[in-house]
Amino acid sequence: MSKQNAPPKRLSVNDLLRMKQAGEKIAMVTAYDATMARLVDAAGIDVVLVGDSVGMTQLGHGSTLPVTLDQMIHHCAAVRRGLDRGSGRAHLVCDMPFGSYQASVDEAVKNAMRLVAEGGAEAVKVEGGHDYAEVVRRIVRAGVPVMGHVGLTPQSVHKLGGYVVQGKDQEKAQQLLADARAMAAAGAYAVVLECIPAELARFITRQLPIPTIGIGAGVHCDGQVLVVNDLLGLDDGFKPKFVRRYGEVGKAIGEAVKAYVSDVREAQFPAEEQSFHGQSLRLLQLVEGDGGEPSVIGAPV
Ligand SMILES: Nc1nc(=O)c2c([nH]1)NC[C@@H]1CN(c3ccc(C(=O)N[C@@H](CCC(=O)O)C(=O)O)cc3)CN21
Ligand SMILES: CC(C)C(=O)C(=O)O
Ligand SMILES: [Mg+2]
């Protein structure tokens, strides 16, 4: 293969760090299957996250808590295949689901390695700051890059008392800064800042040596992440303040399927172009039986 036709190189953790240093924004989005992975990669996304939001967006749960490690592996492997069939430029991160890294450091390391070995992830993401520094350190030591996630951490929804903006007062803001710093000090290569005041996110972004990726954290983060369903308009009315819709794909699906239903009902589909004909069936004859039921005589040659 000539160099010109070679696929663009996959982005690595080093490229993301270089982007922060160069002031180039990082564009990240979730994907949960091969089709969406191929589409977002072809559109030039830098980072694809197999989010545990899969539980809410694709599996119909009311939170991310029921999502299992096996489910994450299943979706991650599909995304991996989608990326590998396309240009495969995007860096692939997979969320560690609730229960897969909280009980013990050993379990966390084993489970992170399964997401890489079986899911094809290049990195894993864990929710939590200072309390998870040891987990992050040990996973990184095992050779797996870790993205941290602080602020509104949906796996702690019951502790947080709902999906509410975090770090609004001085004390909580200090704690969040300490959590983000702890992630960087433990060896995380990037950190998601979810639903925190924009001023706080700007301060953290300036303080940290690693890229910050915001969702509901203002424009001064080093990158942004959104759930792909939300930006495409595929959601079921979920529209928190931080979402901007870039498409009306849900509407487009509705219109396309309505048109199909109508064509089927009116025998407008399939037309000749979608129909097959074969010489091999020339001996088949349909005759009307007594009850108007067709019966077949003859046989294919
Ligand atoms: N489709 C989808 N998009 C997401 O961004 C997302 C998921 N699912 N599932 C996992 C978590 C849950 N997330 C959420 C869910 C709700 C709010 C929310 O209702 N936020 C209020 C803030 C309320 C306040 O504190 O003022 C908002 O209006 O934005 C925020 C993040 C983000 N993640
Ligand atoms: C919203 C992003 C950061 C996430 O963790 C997810 O989609 O699960
Ligand atoms: Mg998540």
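Points worth noting:
- Estimated at the nearest 10 Å², the accessible area of residue 220 is 90 Å² with a 1.4 Å probe.
- Accessible area (Å², per residue) of the stretch 13-232, counting only protein heavy atoms and a probe of 1.4 Å: 41
- Cβ-Cβ distance of residue 24 and residue 256, R₀ of 30 Å, FRET efficiency by 1/(1 + (r/R0)^6): the value works out to about 0.25.
- Backbone HN-Hα couplings from phi across the stretch 167-180 [Karplus 6.51/-1.76/1.60, Hz, Gly and Pro as x]: x, 7, 9, 4, 5, 5, 5, 4, 4, 5, 4, 5, 5, 5
- Interatomic Cα distance distribution for the stretch 13-232, bins of 5 angstrom, percent: 1, 8, 16, 21, 22, 18, 11, 3, 0, 0
- Long-range amide H partners of residue 91 with built H, under 5 Å: 11, 47, 48
- Filter on 25/251; 20/125; 168/239; 20/239 - keep pairs with C-alpha separation over 27 Å: 25/251; 20/239
- Heavy atoms of residue 110 accessible to a 1.4 Å probe, total area in Å² rounded to 10: 140
- Listed by chain and number, the lysines placed with their C-alpha closer than 16 angstrom to that of residue 172 are 159; residues fewer than eight positions away on the same chain are left out.
- For residue 79, neighbours were defined as the other residues whose beta-carbon sits under 12 Å from its Cβ, and their charges (Lys and Arg +1, Asp and Glu -1) total -1.
- Relative contact order, percent, the stretch 13-232 [alpha-carbon distance under 8 Å, six or more residues apart]: 19
- For residue 125, residues with placed amide H under 5 Å, excluding near neighbours: 94, 95, 96, 147
- Kirkwood Rh in Å, taken over all unlike Cα pairs in the stretch 32-151: 14.2
- Heavy-atom accessible surface of the chain: percent carbon and sulfur, 1.4 Å: 55
- Considering only alpha-carbon pairs that sit under 8 angstrom and 6 or more positions apart, the relative contact order computed for the stretch 1-141 is 24 percent.
- Each part gets one Cα centre, and for the stretch 194-266 versus the stretch 89-144 those centres are 24 Å apart.
- DSSP-assigned coil residues among trypsin sites (Lys or Arg not before Pro) in the stretch 1-103, each with at most 10 further Cβ atoms within 10 Å: 3, 9
- Listed values for the stretch 83-98 are Karplus-derived 3J(HN,Hα) couplings in whole Hz (6.51 cos²θ - 1.76 cosθ + 1.60, θ = phi - 60°), namely 5, 5, 7, x, 6, x, 6, 5, 7, 10, 10, 10, 5, 7, x, 3, and x replaces Gly and Pro.
The values are calculated or read from the model by the stated rules, or taken from the named source; none is laboratory data. Because the structure is a prediction, the values reported are computed rather than measured. Neighbour counts are summed over all protein chains in view; Cβ atoms, including those assigned to glycine, are modelled from backbone coordinates with ideal geometry. Heads up: the accessible areas ignore ligands, DNA and RNA and are worked out on the full protein's heavy atoms, side chains in. Shrake-Rupley method; radii C 1.70, N 1.55, O 1.52, S 1.80 Å.
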